[in-house]
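The values are calculated or read from the model by the stated rules, or taken from the named source; none is laboratory data. Note that the structure is predicted; figures quoted are calculated from it, not measured. Here the Cβ is made from the backbone with ideal geometry for all residues, glycine too, and neighbour counts use every protein chain on show.
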Amino acid sequence: MTSKKYLSNKKISQQAISISPALKDWIKRYVNVMAKKNPHDERYKSISSFYCNVMEKVLTIFETKKTLDDLDKIVDREIENLYSNRVTLFGPFLEAALVMDAFTPIESILSSKIFFELHKFYYKNLDLDDISSVKLLFERFRKY
């Protein structure tokens, strides 16, 4: 990898890039939406700051010997957190299933933490009126 020269981090230089109008519009809409969601985040205060942040992050990823193909394999942090909590989520559910018999009330199983966590996750990530959100969620699970 190339070494980083120790120059100033002040953003005064300009770099011109050529992108399609569709990509420019997509980036502009994305930055505007994220700026509304996160008004105090410096990364989304302008398109230029967004470009700078993206380029720095990608170059940091490349320094760890990853390639552009590896970017498709990056795991979604939200899904990773959902599965990393599986011991605390699935433990009470499995214990209840092991001792369950005809006299065990179903409410005790449904009040398990896993159902609340999954409900929260699906409620936040799914729009049932839009089929593309369901496809996107399945794609996120598939990548994991």
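Yes or no, residue by residue, for (1) farther than 25 Å from ARG29 by Cα; (2) of a type outside the set (Val, Ile, Thr); (3) modelled with pLDDT under 70:
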| position | (1), (2), (3) |
| --- | --- |
| TYR44 | no, yes, no |
| VAL54 | no, no, no |
| ASP72 | no, yes, no |
| LEU89 | yes, yes, yes |
| PRO92 | yes, yes, yes |
| ALA102 | yes, yes, yes |
| ILE114 | yes, no, yes |
| LYS120 | yes, yes, no |
| TYR123 | no, yes, no |
Name the pairs: first residue in the stretch 23-52 and touching a residue at least 40 places away in the same chain (Cβ under 8 Å) and among the hydrophobic types (A, V, I, L, M, F, W, C), second residue loosely packed, with under 14 Cβ neighbours inside 10 Å and assigned to a loop (DSSP other than H, G, I, E, B), Cβ to Cβ under 7 Å, at least 6 apart or on different chains?
CYS52/LYS11
Does the stretch 54-76 hold any residues that are of a type in the set (S, T, N, Q) and assigned to a loop (DSSP other than H, G, I, E, B), and which are they?
THR64, THR67
Selection from the stretch 1-37 of residues that are among the polar types (S, T, N, Q), at pLDDT 90 or above and under 25 Å from ILE74 (Cβ atoms):
SER20, ASN32
Filter the stretch 16-54 for residues that are exposed (fewer than 11 other Cβ atoms within 10 Å of the Cβ) and hydrophobic (A, V, I, L, M, F, W, C) and give the result.
ALA16, ILE17, ILE19, ALA22, LEU23
Please identify the pairs in which a residue from the stretch 124-144 that is in a loop (DSSP other than H, G, I, E, B) has its Cβ atom under 6 Å from the Cβ atom of a residue that is polar (S, T, N, Q), counting only partners at least 6 apart or on another chain.
LEU126/SER133; ASP127/SER133
